[in-house]
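Input: a single structure, listed below in structure tokens.
Bear in mind these aren't lab numbers, they're just calculated from the coordinates by the rules spelled out. Keep in mind that what you see is a predicted model, and the values were worked out from it rather than measured. FYI the Cβ positions are ideal-geometry reconstructions off the backbone, even for glycines, and counts take in every protein chain you see.
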Amino acid sequence: MERRALLKDIFLLGITASLPLKRLLAQQKNNIRPFHQFKLGELELTVITDGSIRMTPVQPMFAPGIPSAAVDSLLVNSFRTTKEIDLGINILVIRKGKQTILIDTGTGNGFDGNFGSDSGWLIKSLTDAGISREEVTDIIITHAHPDHIGGLFNNDGSLVFPTAQVYLSAIEYAFWTLDKPDFSKSKMENSEQLKQILASTHKVLQVLKPTVHLFDDQTELFGCIRLQKAPGHTPGHTIVHVYSGGEELVHIADLLHSDALQFQHTEWGFSGDTDIALAAATRKKVVATLATNKTKVFAYHLPWPGIGHVRSKGNAYEWVMETYPIPG
Ligand SMILES: [Zn+2]
């Protein structure tokens, strides 16, 4: 009996190990976008990609006002190029029973700005992961920047997920619908890029206005999500605690944009931050808590699939990516 049980275990191990490999081979053959699946308590989580955003040169978008030698040296230390930072666009999909919840939607394909063909892959990536757009019941938007909200819209401005419920911070909604939102604490004041973002965000919020659900700090949703205000990147920028069966994952949205730079220097800003000093203060506080609590983290813009932990390093922190023996 013991030998039979052992053989059964070996057989089962063999099956579980071969499934991702089979899927990988099928993905390569059929030009399927990669996806990454795992469980969190009772929840089934899938990470899909909306593509990436290449940012070059690194400064002044990253670490504005910091001597370039210091920035370059940190990038070189992490074996990264000093010429650009390529932002991932990692989208988390949560399945709980019949509910399918998206957190952010990527850039979309042009209604609220054009990021080009390196992004806007949401629907193909969802389909390749075996999730149809009709199955999406709820969409949480961490903040109203075009690379997070754009995927809600088709090119003609109609909704990609017409039956899904959309959730956005009340503070965020109020800020972007002001006649003249305050960007005096940002490095983007009066820039062409800011004008574009303002115009597109006005447009998309007009479409969402009749149906969007506005949430406050610490709102709980669906018995598995808690929404925490983390202001600075935008006034209503929100991080998302996902929990089930005693396990937790924190989706940090745009708390930071470079693992090589901003864990070591949480005070180094990002020019896309609406309030660069407040963003730095929030980053420092949240990163410290994540390191202390050893919480599993999901990051929208860090290298694929954006999952890892934060570890203390001297007076600062570092990103420890979760690793996997094979894709899947
Ligand atoms: Zn972003």
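Annotation: amide H-H contacts under 5 Å for residue 269 (H modelled 1.01 Å from N, sequence separation of 5 or more, or interchain): 63.
For residue 236, neighbours were defined as the other residues whose beta-carbon sits under 11 Å from its Cβ, and their charges (Lys and Arg +1, Asp and Glu -1) total -2.
Stokes-Einstein diffusion of the chain at 4 °C, 1.567 mPa s viscosity, Kirkwood radius from Cα pairs, rounded to a whole number: 63 µm²/s. By the rule of a C-alpha distance below 19 Å, with chain neighbours fewer than 8 residues away ignored, the aspartates and glutamates paired with residue 83 are 72, 118, 259. Each Lys or Arg adds one and each Asp or Glu takes one away; over the other residues whose Cβ falls under 9 Å from the Cβ of residue 55, this sums to -1. Close amide-amide hydrogen proximity is noted between residue 100 and 137, 138, each under 5 Å apart and 5 or more residues distant or on a separate chain (H modeled in the peptide plane; Pro and chain starts excluded).
The angle between the Cα long axis of helix 68-77 and the main principal axis of the chain comes to about 0°, on a 0 to 90 degree scale.
In a reduced charge model with +1 at each Lys and Arg Cβ and -1 at each Asp and Glu Cβ, the range 34-321 shows a dipole moment near 440 debye about its Cα centre. The Cβ shell under 13 Å around residue 123 holds other residues with a net charge of -1, Lys and Arg each +1, Asp and Glu each -1.
Highest mobility in the GNM of the chain, judged by mean-square fluctuation with C-alpha springs under 10 Å and restricted to 244, 119, 78, is found for 78. Relative to the longest principal axis of the Cα atoms of the chain, the long axis of helix 192-208 makes an angle of roughly 60 degrees. Taking other Cβ atoms within 10 Å as a rough exposure proxy, 172, 318 sort from fewest to most as 318, 172. Most tightly packed first, judged by the mean number of other beta-carbon atoms within 10 Å of their residues, the peptides 162-171, 120-129 read 120-129, 162-171.
Seen against the Cα atoms of the chain and their longest principal axis, helix 2-30 is set at about 40 degrees. Per-residue Cβ neighbour counts within 10 Å put 132, 68 in the sequence 132, 68, beginning with the fewest.
The residue list 131, 208, 170 was ranked by how far each Cα lies along the charge dipole of the chain toward its positive end, using unit charges on Cβ atoms, and 131 comes out on top. Cross-link check: pairs 187/229; 96/124; 124/313; 203/296 evaluated at a Cα-Cα cut-off of 29 Å; pairs beyond the cut-off: 124/313; 203/296.
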